[in-house]
1. Please work out if D345 is under 26 Å from the mean Cα position of the chain (by Cα), over 22 Å from K239 (Cα atoms) and not aromatic (F, W, Y).
2. Out of the residues in segment 278-298 meeting the condition of being among the aliphatic types (A, V, I, L, M) and not in a strand (DSSP E or B), tell me which one is farthest from P389 (Cα to Cα).
3. Among (1) modelled with pLDDT under 95; (2) closer than 29 Å to P389 by Cα, there is one condition K301 misses while meeting the rest; what is its number?
4. From the list V100, V79, exactly one residue is at pLDDT 95 or above and crowded, with 19+ Cβ neighbours inside 10 Å. Which is it?
5. Determine which single condition G260 fails, assuming it passes every other condition in (1) touching a Ser or Thr at 6+ places or on another chain (Cβ under 6 Å); (2) under 24 Å from F48 (Cβ atoms).
6. For Y144, state whether it is free of Cβ contacts under 8 Å to residues at least 24 places away in the same chain, under 24 Å from I15 (Cα atoms), touching a helix residue (DSSP H, G or I) at 6+ places or on another chain (Cβ under 8 Å) and crowded, with 20+ Cβ neighbours inside 10 Å.
7. All but one of (1) assigned to a loop (DSSP other than H, G, I, E, B); (2) within 19 Å of V28 (Cα to Cα); (3) in contact with a strand residue (DSSP E or B) (Cβ under 8 Å, 6 or more places away or on another chain) hold for A402; which doesn't?
8. What number goes with the only condition from (1) outside any helix (DSSP H, G or I); (2) under 28 Å from the mean Cα position of the chain (by Cα); (3) crowded, with 17+ Cβ neighbours inside 10 Å that V302 does not pass?
Amino acid sequence: MNKPVLVIGGGISGITCAVEIAETGHEVILVEKLPYLGGRVSQLNRYFPKLCPPWCGLEINFGRIKNNSRIKIYTSAAVKNISGSKGDFTVTLEKKPGYVNDNCTVCGECEKVCPAERPDGFNYGMKKTKAIYLPHEMAFPYKYTIDSEYCKKENCNKCVEVCKYNAINPDMQPEDITVNAHSVIYATGWQPYDAGKIDNLAPGTHPDIITNVMMERLMAPGGSTEGKLLCPSDSRIPKTVAFIQCAGSRDENHLPWCSGVCCPATLKQALTIRELYPDIKIKIFYIDLRVTGRNEDMLKKVEQDPGTELVKGKSAGIEKDTENKGLIIKTEDILSGNIRNDHADLVVLATGIMPSETGNSKIKYDDHEYINTDLPEEGILVAGCAKRPMDVSASLKDATGAALKAIQK
């Protein structure tokens, strides 16, 4: 191989592909559309089943990237066009400006004087940042970036005036970059299903109905509440937290498949809540709980926990509790055949996984818009959640396999 491997996507699968390929002696170009690497994993509070923070693994991988000159990174960049064939792909990248260069020391003075705000996508909109912001506390690359949609630009320039290191350049422009590649790996990851489409569960109509990914940020030390479990409506500590499984999943009107990660994610979140807040009661409404391998240990702990109730039944709707603060969940209890009306202060919808990458003519998709592994082009590969729902462990294994295939002649 005399050309690098192009890896599209800087989440855990893309990072794994990049470091595994580079450490065999081959060049790698890693492209990420966001201003930082880490993807969805960087937004988690804890992995399952170990229940450790994701930085345990990400920091190691970031170190491997820093120490390997064979990896070239383009953040805030997307693939515009791919042509050619295996061994000789020509790829055009469109890189958006971040308006902050590598002189940035993350001193924070620019953020202090910035008058504009933006919704914080890293925390799923549960808080705001300034228009110039550090994506999160462990961002890699570790520097500020500017959201041009909200920045007042030449009408302000306060951040430029206060920066002592000449790190801010508001005149940066988008640029097209052409690279050649031996092979291409799509590791474009996943996105959570839009809970706003699930009308009967009424997300968005009440601030205390959130999704499982929002719960991750609610519990994270650097999240919207600095790791405190508080009801978004009034910042009180909930007495009861309810989890509704298969919210929009295994449903012909939404996602007809099981994502496989929602059940262990809920069990992990329930155990975390009970560990940190022993007085909070948990209710989990489920069709059936799908866990395998070491995740079964989490299910056993939840089943044995006197503060957690497992209810086998499909929740039909959520209403505001008119007599008390909180919400009422209407559920058909399958085992008893009765309709239940359960009170909860905070409701968490366990939404499924959707692919991020769609609509690329160079590749083809299955009926659910995941990238079809039977790709039409030799030399184009796919890894991780771009091909099907996977947890972190399965994504790492799949990415290693894709890396091995990518360096074959």
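1. So D345 fails the test.
2. Once the filter is applied, the top-ranked residue is I280.
3. Failed condition: (1).
4. It is V100.
5. So the condition that G260 fails would be (1).
6. No; evaluated as a whole, the condition is false for this residue.
7. Exception for A402: condition (1).
8. Of everything listed in (1) outside any helix (DSSP H, G or I); (2) under 28 Å from the mean Cα position of the chain (by Cα); (3) crowded, with 17+ Cβ neighbours inside 10 Å, V302 misses just condition (1).
The values are calculated or read from the model by the stated rules, or taken from the named source; none is laboratory data. Here the structure is a predicted model, which means the values were calculated and not measured. No Cβ is skipped: glycine too gets one built from the backbone with ideal geometry, and neighbour counts run over all protein chains shown.
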